[in-house]
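Taking it in order: structure first as structure tokens, then the write-up.
The values are calculated or read from the model by the stated rules, or taken from the named source; none is laboratory data. Fair warning: this is a prediction, and the values are worked out from it, not measured in the lab. Here the Cβ positions follow ideal geometry from the backbone for every residue, glycine too, while neighbour counts run over all protein chains shown.
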Amino acid sequence: MNFRNFATAMMFLAAAAVHGADAWKPAAGNPVLSRGSFLNIHSPAVLAEDGQYTLFFSGYWGALEIFRARSADGTAFTPEKSPAVPRDPEGQPGSWNVIGSPSVLKENGIYHIWFAGAPDWNTPAAIGYASSPDGVTFSKYPGNAVLAATDGGAVASPSVLLEDGRFKMWYLATEKGGWKPRVCYAESDDGSEWTRRPAPVMEGSPAFGGDILTSLCVRKNGTGYRMWYGVIGADRQCRIGEAASENGFDWKRSGTELFPGDNPSVLIDGDGLKLYYTYGDKAGIGLAEKREAALAPPAGKTAAEPGAAALPAVVPVEQGDDSPFGINCFQFPEMERELGAKYLRWEFAHQLIEPEQGRFDWERTDRIVSEAKAQDIRILGLISSTAKWNSPRPDAADYYSYAPRDHKALHAYVTAVVNRYKDYIKYWEIWNEPDLPYAWNGSHADFVRVMKTIYEAIKAADPEAKVAAMALDGGFAPFLDAVLAAGGGAYFDIYSDHTYVSGVELQARLAAVRNLLAKYNCVKPIWVTETGCNTTIEKRENETPEAEEVRWRNALRQQAREVVRQMVGLLAEGVEKIFVYQASRVGSRYDYENWGLLDEKGGILPAGAAFNLTVRMLYGKKFQNAFKYGQYARAFAFSDGREAVIVLWSDRDEKLKLNLGDAFTVTRIDGAAPEMSVADGFTELAVGPDPIFIAGLAPEIPGRQQSLTFPENPVTLLPGEARSVPLRIVNPFKHACTVELNVWAPPGSTAKSGNRRIELAAGATAEIPVEVELKTAPAKPLRLLASADFNRGFFKASAELEATAGAPVRLSIEPAGLSADGSLELAAGIANLSRKPRSGTLRVSADFPGTFQPEKADFSGVAPGESAQFRFRLSAREPLSNHNRLRLNGTLSGGEAFELERPVDFLLCARDGETAPPGAALNSAEQYYPVISDARWGGPKDLSGRLTAAWNDTSLRLSLEVTDDVHHQPFKADGPLFDGDSVQIGIDTLCNRSVNYDNDDYELCFGLTRNGPEFSVFAAPGGMAERLKKQAVFKAVREGEITRYDIELPWSALGVKPKRGMKLGFSFLVNDNDGAVRKGFLQWTSGIGPRKDPRQFGTLILW
């Protein structure tokens, strides 16, 4: 399908009005966009936004390019003179001089456009990509084409949707030399790198007497998909047809034509459709409209969420005290019991119960305990504050966060509380998030003393009671380490934790907790007393209520999804009790406290229904095993000895073929009907990000060993050289199995297995050799997939093998120091890994403005096993971002070329009196992390920053210049300073890259408050926090929209003896609060914000 063929297809169009389908009504003024001065226009793509319609189309006037037109009502468009996506300048290598057939969407303020392009009219077309911040001027992706035929054929007519953060493309493809296009499918995380589905998803349409597809447009409709496409019939007339699919892969055509036309672009508008299409031979762009009852919103839903399913029914569950399911707060007792909360976490605040020493007010807590007893809900009593009269700082806003002046008074209070309620309350918890500054202002030794006082008081009053501690949050590792080192392990029976993550992050956190407990011989049960997901959305100016409702419903759906993933993951990790935060939300959808399973009136939210479904399905069942199925799906198996339940989800949409038996049920958390079919004894089930519960399965679940593995993984192969790699198969069942084995290799590689069908005895293991060969050297590792189908149970296991092409040389480039003029010194090297001497050239380059001296270096006769090193000097004019890249290219004398690319994730720190390098920058969307679900970075004026560093023998000095159009910092150092406009610094002094903060890691937060500059120490080794508070110097001033932070940290308070060449792990971020809540932050590297992880820090080098 070259562009000459494409233009010919346009000639098959008769000048036509819409007919042949009574439901479609043509616009009275067709065409809605006339040809005008163009020789030809076709291929519309329409967006509706801000009460306007924008039409992108292919326009030909001596060259085929993509233009824009605008309309207030969608029925009369005015074209713009300049192309939005122009052809490339002639004469440039790889230039595309023919561009058309656009597909456009807008996401997070960015316009994305995919299009067909080619160097000339006779060259097979490929698909390119461009983006724009304003929808007017587009920048083409430098790596175009993003999708091209692999067999010499052509691809064109892309139609792209965005679902769950992933781009999905349907497009036409032809084989080399032919022109019978088929509809194919691909997916992408970023819109530029696409993974194809191997087989076409739809062929030509015999219903029209021909089989030549010319164009297509796909839209999501409820839980399924609809396609409109152009097709040339036997009469050489081009008409528009329609097809439908439940999954986007298996399409069923309507069998009847709609009307003459081509290049459909459909807009779903409430309960109506607007279909824009190529109208007649060179006549322009036409419009037809249609109303469909199926598009009307169901009862209780809005038009912003067409086809949304009702929530699954909430069914109360009778549970014993062994239930693991709990909830925080207690607004609607009866509803919380119906959701399935057997446990309530409630704070017995000292100041509220004993406002004056010796005078108790039990009214509130008596009422709460009475209501909990009436609903048969057990209570975890939280003791987590100091009374104002017993605080060393009674006038401070955070008086409650200090160790009490009188421990005997604290002991007496706890004794009174436990004695009053010990007949019903058997679990107590000591403090809430003492690792955060708002909750605890004291030393670790002081906290251990408070733990001892509370623990001994509880045990004296009720020896049968169990005591949990410490409900730690983000800074858990250093705090827990210090408390255990100070003997705190003697004063709790259960370790309590707060974690708001799932998946591998959850596994890593709990592994770190268990390692610390084991380090001090303090292995205790683990409860998670807070977990959940926030649904706060940002209020946007000029946004329609319908658009905001879509964002709000997406946030609610994400909350339901995440709550189930957290609960299932925690049960799988052996956590004994789980308390979701919280019962109901507080305030509006824009307020931070949007964590509830119920709304502010007690109505059930999607997360509440999902919580109840999880309780119903999993109460009384024990975790058995976790599996990986297909390419991305994860499954968690639970069983009570009578039946098994599988909880299943996938980060990407895929279909699984499962052997589930005959008596099973499938339930989605959103209440929608599952997409599945049964044939030949197997169930084909569509899975995606929303968890699915499969119940009624046989109780026999495979054991914990992996059923299918590549013991040698990853492997490195030289292109053209086959290698035998073992594949291990374990029969996890207590009976013999027939295993059918399949091995799949991606393009550019082969994989062969001699045995495809294997008989395995119960529990037996077999190793099968797989011959693997790389035909060429791929740019990135290839993933080969093996799957094994067992003849019983949840039958499919899979394993991936990562294969990397070996190279004859290895390149390296590292920072090596500073020149006298502040230029960066870089050390570049090439190591010879082959068996013969190597010669060639090294060149350095970057994706940012700067000059290199020299630009290249030649090497000659580097012996096998030896290496050559060279120095390059980089002069950069602006501060560098960690998203900037350095490139080292090595070209061997035989013509082989190799490239190494690395981020500029290092910052060289000049000594006092020496010329400073440009520093580090925060200035790109890639560095932005939203705290609330839909926050967006508004550009450098909204938030940006630059940091420079200097040092001497006594201190490290950091200077930050932050641009922020709104400065809002209502907090103080003894509160959540990071929730206002502020700067956070992370330092790993030993640069040992630990998984979590340990005894060499520091984190500090600096803010310009209403009282002036203030800072807090979030993490520091024992004793160093107080030293930093006393010795660090912090100054801040705001001028216009710029805030300057000057920070001086004494080396003695960091435990560092500085010397030239020393490396420190380092990162920083800038928080943004425009007056309501913290929206998000710009971060130099990860490791501070989303998760405390020094492995992700950059490097600060003293020079």
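In region 469-492, the residues that are on the phi > 0 side of the Ramachandran plot form Cβ pairs under 6 Å with partners that are not aliphatic (A, V, I, L, M), at six or more places apart or across chains, as follows: ALA471/ASN432; ALA471/GLU433; ALA471/SER496; ALA471/HIS498; ALA471/THR529. Of everything in region 364-383 that is over 28 Å from ALA403 (Cβ atoms) and either charged (D, E, K, R) or not assigned by TED's automatic domain parsing to the domain that holds TRP428 (or both), the residue that is surrounded by the most Cβ atoms within 10 Å (Cβ to Cβ) is ARG378.
Residue count for region 1066-1086, restricted to those that are of a type in the set (Val, Ile, Thr) and modelled with pLDDT under 90: 1.
Going by the conditions given, is GLY602 over 30 Å from GLY980 (Cα atoms), surrounded by fewer than 21 Cβ atoms within 10 Å (Cβ to Cβ) and touching a Phe, Trp or Tyr at 6+ places or on another chain (Cβ under 6 Å)? Even if it seems obvious, please write down each step before you answer.
Details: over 30 Å from GLY980 (Cα atoms): yes; surrounded by fewer than 21 Cβ atoms within 10 Å (Cβ to Cβ): yes; touching a Phe, Trp or Tyr at 6+ places or on another chain (Cβ under 6 Å): yes.
Considered against the rule, which asks whether it is over 30 Å from GLY980 (Cα atoms), surrounded by fewer than 21 Cβ atoms within 10 Å (Cβ to Cβ) and touching a Phe, Trp or Tyr at 6+ places or on another chain (Cβ under 6 Å), GLY602 comes out as yes.
Among the conditions (1) in contact with a strand residue (DSSP E or B) (Cβ under 9 Å, 6 or more places away or on another chain); (2) over 24 Å from LEU598 (Cβ atoms); (3) surrounded by fewer than 20 Cβ atoms within 10 Å (Cβ to Cβ), TYR500 misses just one, which is (2).
Pairs linking a residue in region 1052-1079 that is free of Cβ contacts under 8 Å to residues at least 60 places away in the same chain and in the same structural domain as VAL931 (by TED's automatic domain parsing) to a residue that is not in a loop (DSSP other than H, G, I, E, B) and not hydrophobic (A, V, I, L, M, F, W, C), with Cβ atoms under 6 Å and 6 or more positions apart or on different chains, are ALA1053/ARG1027; ALA1053/GLN1031. Among the residues here, PRO31 does not qualify as outside any helix (DSSP H, G or I), assigned by TED's automatic domain parsing to the domain that holds TYR229, modelled with pLDDT of 50 or more and under 15 Å from THR214 (Cβ atoms). Considering the conditions (1) in contact with an Asp or Glu (Cβ under 9 Å, 6 or more places away or on another chain); (2) within 24 Å of LEU1008 (Cβ to Cβ); (3) polar (S, T, N, Q), GLN1083 is excluded by exactly one of them, (1). Residues that are assigned to a strand (DSSP E or B), among the small types (Gly, Ala, Ser) and at pLDDT 85 or above within region 752-785 comprise just one, ALA766.
Can you give me the ranges of the strands (runs of 3 or more DSSP E) entirely in region 493-590 with at least 1 residues that are basic (Lys, Arg) and more than 25 Å from the chain's Cα centre (by Cα)?
Numbers: elements: 494-498, 526-531, 577-580.
Once the strands (runs of 3 or more DSSP E) in region 493-590 are filtered for at least 1 residues that are basic (Lys, Arg) and more than 25 Å from the chain's Cα centre (by Cα), what remains is 577-580.
Against the criterion of being surrounded by fewer than 19 Cβ atoms within 10 Å (Cβ to Cβ), touching an Asp or Glu at 6+ places or on another chain (Cβ under 8 Å) and either farther than 30 Å from ALA910 by Cα or outside the structural domain of LEU888 (by TED's automatic domain parsing) (or both), GLU802 does not qualify.
Mind telling me which of the residues GLY1061, GLY1089 ends up being surrounded by fewer than 23 Cβ atoms within 10 Å (Cβ to Cβ), at positive phi and at pLDDT below 95? Before you say what the answer is, go through the steps one by one.
Values: GLY1089 fails: at positive phi.
Residue meeting the stated conditions: GLY1061.
Remark: ALA149 falls outside the filter, which requires a residue to be surrounded by 14 or more Cβ atoms within 10 Å (Cβ to Cβ), among the hydrophobic types (A, V, I, L, M, F, W, C) and in contact with a helix residue (DSSP H, G or I) (Cβ under 9 Å, 6 or more places away or on another chain).
Anything in region 859-907 that is acidic (Asp, Glu), closer than 18 Å to ALA779 by Cβ and without any contact (Cβ under 8 Å) to a residue 60 or more places away in the chain? List them, or say none. Hit for region 859-907 is GLU901, nothing else. LEU506 meets each of the listed conditions (1) surrounded by fewer than 20 Cβ atoms within 10 Å (Cβ to Cβ); (2) over 28 Å from GLU464 (Cα atoms) apart from (1). Any residue in region 672-679 that is within 27 Å of the chain's Cα centre (by Cα), farther than 30 Å from VAL743 by Cα and touching a residue at least 60 places away in the same chain (Cβ under 8 Å)? The answer is yes; a qualifying residue exists. Selection of region 639-669 for residues being more than 29 Å from GLU163 (Cβ to Cβ) and surrounded by 15 or more Cβ atoms within 10 Å (Cβ to Cβ) yields SER639, GLU643, ALA644.
Scan region 460-486 residue by residue and report those that are assigned to a loop (DSSP other than H, G, I, E, B) and modelled with pLDDT of 95 or more. Give the derivation first.
Just the residues of region 460-486 that are assigned to a loop (DSSP other than H, G, I, E, B), to begin with: 462-465, 473-475, 486.
Listed by number, the residues that qualify are ASP462, PRO463, GLU464, ALA465.
In the set (1) under 26 Å from LEU922 (Cα atoms); (2) outside the structural domain of GLY890 (by TED's automatic domain parsing), the condition left unmet by LYS780 is number (1).
Listed conditions (1) farther than 20 Å from LEU960 by Cα; (2) surrounded by fewer than 18 Cβ atoms within 10 Å (Cβ to Cβ); (3) touching a helix residue (DSSP H, G or I) at 6+ places or on another chain (Cβ under 9 Å) are all met by THR989, apart from (2). Within region 884-911, the set of residues being under 20 Å from GLN927 (Cβ atoms) and part of a strand (DSSP E or B) comprises ARG885, LEU886, GLU901, ARG902, PRO903, PHE906, LEU907, LEU908. When restricted to residues that are of a type in the set (Phe, Trp, Tyr) and closer than 30 Å to GLU878 by Cβ, region 851-866 contains 1.
Could you tell me whether region 443-452 includes any residue that is surrounded by fewer than 21 Cβ atoms within 10 Å (Cβ to Cβ), at pLDDT 95 or above and over 30 Å from ASP1001 (Cα atoms)? No - not one qualifying residue is present in region 443-452.
Checking ALA679, ALA673, ALA695 one by one, the residue that is closer than 22 Å to LEU618 by Cα and either at pLDDT below 85 or surrounded by fewer than 18 Cβ atoms within 10 Å (Cβ to Cβ) (or both) is ALA673 and no other.
Taking every residue in region 416-443 that is without any contact (Cβ under 8 Å) to a residue 40 or more places away in the chain and pairing it with any residue that is hydroxyl-bearing (Ser, Thr, Tyr), at least 6 positions away or on another chain, the pairs with Cβ-Cβ distances below 9 Å are TRP440/SER401; TRP440/TYR402.
Results for (1) in a strand (DSSP E or B); (2) under 30 Å from THR1085 (Cα atoms), shown as yes or no for each residue.
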site	(1), (2)
THR851	yes, yes
ALA857	yes, no
GLY865	no, no
GLN869	yes, yes
ARG873	yes, yes
ASN882	no, yes
